[in-house]
């Protein structure tokens, strides 16, 4: 599907020079004093992970890849792969761990994830926007440090480190945003 360069958004998958790229930063629209306007796009090649910056004229069209999305359930992981099961057909697929990078720590047994396929090849995995995790350890609160913006480091059950408010203690279950590894609230 052809889209205008001005319509490119972060997360889009584009076909460019015979390769698939995912847009990793919001595109920058620039209108210089001389010459035509252009869009600066930071992209990462899906297969190799190579990052590139590309300029497209604002009136230029680019090819947006047509992706199929399917709900899959996370089953388990080994050294190199994660194993998922299609919720409709019950077929199992294996996906390289590199696709999730450090976000793999959020995977929990039985968790539903959205897998995007390009011509029946999985290219992208979207985690739920938030997950519930238990705090394993935190630093003690310093008396008098009650300013609203004060946060302390905490280690979660999956080994990730995030910043939490001073009232959160070990054993507390909290909601964490998977996109940017931030504390949202205590679990209800």
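Each value in this text was obtained by applying a stated rule to the coordinates, not by laboratory testing. Every value quoted in this text rests on a predicted model; they were computed, and no experiment measured them. Cβ: placed from backbone, ideal geometry, glycine included. Neighbour counts: every protein chain shown.
When the alpha-carbon atoms of segment 130-186 are used, the pair Rg, Dmax equals 10.7, 32 angstrom. Computed from the C-beta positions of residue 117 and residue 179, the FRET efficiency with R₀ = 30 Å rounds to 0.90.
Viscosity 1.002 mPa s, temperature 20 °C: Stokes-Einstein D of segment 2-64 from its Kirkwood Cα radius, in µm² per second?
Values: Rh = 11.7 Å.
Translational D for this selection: 183 µm²/s.
With the simple spin-label model, which puts each label point 7 Å out from Cα in the Cβ direction, the residue 45 to residue 92 separation comes to 3.2 nm.
Once you have a ≥ b ≥ c as the square roots of the Cα gyration tensor eigenvalues for segment 36-188, tell me rounded if a/c is under 1.5, and otherwise prolate or oblate according to whether a/b is larger than b/c. If you can, show how the numbers build up before the last one.
On the way: a/c = 2.73, a/b = 1.43, b/c = 1.91.
Oblate is the answer for segment 36-188, as a/c is 1.5 or above yet b/c matches or exceeds a/b.
Remind me, relative contact order of segment 130-186 in percent, using alpha carbon pairs under 8 angstrom and six or more residues apart? Working shown, then result.
Details: 104 pairs, mean separation 22.6, N = 57.
Averaging sequence separation for qualifying contacts and normalising by length gives 40 percent for segment 130-186.
Subtracting the Cα-Cα distance from 0.36 nm times the residue separation, let me have the gained length for residue 2 to residue 161 in nm, one decimal. Could you put the intermediate results ahead of the total?
Values: separation 159, 0.36 × 159 = 57.24 nm, distance 4.10 nm.
My answer for the length gained is 53.1 nm.
Averaging the sequence gap over all C-alpha pairs within less than 8 Å and six or more residues apart, then dividing by the number of residues, gives the chain a relative contact order of 13 percent. Which of rounded, prolate or oblate describes segment 1-123 when judged by the alpha-carbon gyration tensor and an a/c cut-off of 1.5? Prolate, because a/c is 1.5 or more and a/b exceeds b/c.
Here, segment 68-126 has an Rg and a Dmax of 10.3, 29 Å when only alpha carbons are counted. Given R0 = 35 Å, the distance between the Cβ atoms of residue 169 and residue 79 translates into a calculated FRET efficiency of 0.55.
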